[in-house]
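S.K.: Encoded as structure tokens, here's the structure I'll be asking about.
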């Protein structure tokens, strides 16, 4: 299977006054296309830092990041923005929806940025609205939705540009356990049916069980990596 992402000798340091925080230390791994992978570990282990590097939200202190064989960590800011818009989707634990827009407009927003035609926008948005089960709520704004419904909107928005890679940082952290599991079931379904690679972070044991592969981080290094057998 072709790899979608490769980290080659990646380290990330943060400077706080005279102190240096080594968030990631000499990370080296590849992720195959179509993965449903969880990055796990205690708070402060480097999960969010790793996701920020994967999503080109931050740059490594050393090393190289490859996306589909192309070195991307040294691209210009504009080039990285274009790549994110075309190929990456993001799901945040705080949802990050636009409060004045309804469900359809929130999901459609990345397509407007990408200058997608109106007809194509409508087709993609309504298809995803049906996939995440929100057809009856299309006129609702975020403050009229439950937390689980908001996260479903965020999932649809992350997928509307048909990305190759979706990155989710603690996507169930602000949800109750039952709602959180339903969100992971939606993500799992999309991974199977849409063949999109999904990488998500968590420290929740109940959430981990949905992953096909788990990377354990500890103190900025990969402690272990293992595939998970289907139940």
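S.K.: Give the residues of segment 203-231 that are modelled with pLDDT under 85 and surrounded by 21 or more Cβ atoms within 10 Å (Cβ to Cβ), sorted by residue number.
M.R.: First, pick out the residues of segment 203-231 that are modelled with pLDDT under 85: 203-209, 228-231.
Within segment 203-231, just 207 meets the criteria.
S.K.: Output the strands (runs of 3 or more DSSP E) that fall wholly within segment 1-115 and possess 3 or more residues being closer than 17 Å to residue 224 by Cα, or say none.
M.R.: Values: elements: 3-16, 19-32, 36-40, 62-67, 88-92.
Where strands (runs of 3 or more DSSP E) fall fully within segment 1-115 and carry at least 3 residues being closer than 17 Å to residue 224 by Cα, they are 3-16, 19-32, 36-40.
S.K.: Within the group 67, 95, 88, 7, which residue is surrounded by 17 or more Cβ atoms within 10 Å (Cβ to Cβ) and touching a helix residue (DSSP H, G or I) at 6+ places or on another chain (Cβ under 6 Å)? Walk me through how you get there before you give the answer.
M.R.: On the way: 67 fails: touching a helix residue (DSSP H, G or I) at 6+ places or on another chain (Cβ under 6 Å); 88 fails: touching a helix residue (DSSP H, G or I) at 6+ places or on another chain (Cβ under 6 Å); 7 fails: touching a helix residue (DSSP H, G or I) at 6+ places or on another chain (Cβ under 6 Å).
Selected residue: 95, the only one of 67, 95, 88, 7 that is surrounded by 17 or more Cβ atoms within 10 Å (Cβ to Cβ) and touching a helix residue (DSSP H, G or I) at 6+ places or on another chain (Cβ under 6 Å).
S.K.: Sticking with this structure for a sec: Among (1) touching a strand residue (DSSP E or B) at 6+ places or on another chain (Cβ under 9 Å); (2) modelled with pLDDT of 90 or more, where does residue 151 come up short?
M.R.: Against the list (1) touching a strand residue (DSSP E or B) at 6+ places or on another chain (Cβ under 9 Å); (2) modelled with pLDDT of 90 or more, residue 151 comes up short only on (2).
S.K.: Looking at (1) in contact (Cβ under 8 Å) with a residue 40 or more places away in the chain; (2) part of a loop (DSSP other than H, G, I, E, B); (3) in contact with a helix residue (DSSP H, G or I) (Cβ under 7 Å, 6 or more places away or on another chain); (4) under 19 Å from residue 94 (Cβ atoms), can you tell me which one residue 155 breaks?
M.R.: Condition not satisfied by residue 155: (2).
The values are calculated or read from the model by the stated rules, or taken from the named source; none is laboratory data. Just so it is clear, the model here is predicted, and its values are computed rather than measured. So basically every Cβ, Gly included, is an ideal-geometry build from the backbone, and we count neighbours across all protein chains shown.
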